[in-house]
Amino acid sequence: MAGEISFFELGVADPERARTFYARLFGWTFEPGTTEGGGYAIRTQGSRGGVHGGDPGAGPYVFFRVDDMRTAVALVRALGGTVAEDADAGGDEDAVARFGRFRLCHDDQGSPFGLHQPPDGF
């Protein structure tokens, strides 16, 4: 099903402090992520996420599931939204195989959101 929240990303100053905080607050489990300079993949009861450093005070990034990234990107643009022109925010092919593909977008009013095409079996 497309449209449900399938991934979230937390930007923080210090990923280790965030790991300690959110593990104690919510009981989330963490494993090393692929972000340069630290970061973690997060597993919760309902969805997966990540935390990266060097982004103090950031709001959470919310990614909505799509079945086909290329089609979803084209539809965002056709509806008057924008999609970041930089390459896939998912990283290298190993990271894409592990976490899927991500694109940062804005709706037709300028509000930010993300698209996420999960890897097979996600």
Simple spin-label estimate for residue 29 and residue 74 in nanometres, 7 Å along Cα-Cβ: 4.0
Chain lengthening between residue 20 and residue 2 when straightened (0.36 nm per residue, less Cα-Cα): 3.3 nm
Residue 113 paired with residue 92, simple spin-label distance in nm, labels 7 Å along Cα-to-beta-carbon: 3.3
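May I have the convex hull volume per residue, in Å³, for the Cα set of the chain? Each step should come with its number before you reach the end.
Numbers: hull volume 13.8 nm³, N = 122.
Value for the chain: 113 Å³ per residue.
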Inter-probe distance in nm under a simple model that places probes 7 Å from Cα toward Cβ, at residue 67 and residue 44: 2.6
Sum of -39500 (n - 2.57) over DSSP H runs of 4+, divided by residues of the chain (222 nm, nearest 500): -7000 deg cm²/dmol
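Below 8 Å between Cα atoms, with a sequence gap of 6+, how large is the relative contact order for the range 49-122 in percent?
Answer for the range 49-122 is 35 percent.
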Check: the range 16-122 dipole with +1 on Lys, Arg Cβ and -1 on Asp, Glu Cβ, in debye: 480
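Hey, got a sec? Which GluC sites (Glu not before Pro) in the range 1-109 land in a DSSP loop and have at most 13 other Cβ atoms within 10 Å?
Values: sites: 4, 9, 16, 36, 85, 93; in loops: 4, 36, 85.
Loop-located and lightly packed - 4, 36, 85.
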Three-way shape call for the range 45-117 based on the alpha-carbon gyration tensor, with the a/c threshold at 1.5: oblate
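Accessible area per residue, 1.4 Å probe, Å², for the chain: what's the number?
Details: 7510 Å² over 122 residues.
Using a 1.4 Å probe on heavy atoms only, each residue of the chain averages 62 Å².
The values are calculated or read from the model by the stated rules, or taken from the named source; none is laboratory data. Fair warning: this is a prediction, and the values are worked out from it, not measured in the lab. All Cβ positions, glycine included, derive from the backbone under ideal geometry; neighbour counts span all protein chains shown. Note: areas computed on protein heavy atoms with side chains; ligands, DNA, RNA excluded. Shrake-Rupley method; radii C 1.70, N 1.55, O 1.52, S 1.80 Å.
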